[in-house]
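The next block holds one structure in the form of structure tokens; read it before the comments.
Every number in this text was worked out from the coordinates using simple rules, so none of it is lab data. Just so it is clear, the structure is predicted and the values come from calculations on it, not from any experiment. Methodologically, a virtual Cβ is constructed for each residue, glycine included, from the backbone with ideal geometry; neighbour enumeration extends over all protein chains shown.
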Amino acid sequence: MEKIRYLKDVRVIREETNPEMLAIKATGVAQLKHLLSPVLVASEHNNDSANDGVYELDFVLGQTGIDPVDVEMEVDVVFRMKNIPDWVKAIKVNALENSDIELI
């Protein structure tokens, strides 16, 4: 796995309704070597459930088949954690070129 090239923002959110739950939102810039496109492909489950008349598709990212490129794209992720140990006072997120720390 490759790290995101540059971290733009990190936010730690503690939900008031569920104080044991912590959400970490990170936004950054990824450098892609191949263009990816969303595609629908036949699911492996079609063999298992052919008798019920339902055809399943998986929603995935696939390579476009275009020659390798050098593209930068803004990406973000939300990571949820539950039952954080008492000793944790901050969250640090690392990218290739930088990192950021957010106190909780």
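Some observations on this one:
- Taking each of LYS33/LYS92; LYS3/LYS82; LYS25/LYS92; LYS8/LYS82 in turn, the alpha-carbon distance tops 18 angstrom for LYS33/LYS92; LYS3/LYS82; LYS8/LYS82.
- Cβ-defined net charge surrounding GLN31, 9 Å radius [Lys, Arg +1; Asp, Glu -1]: -1
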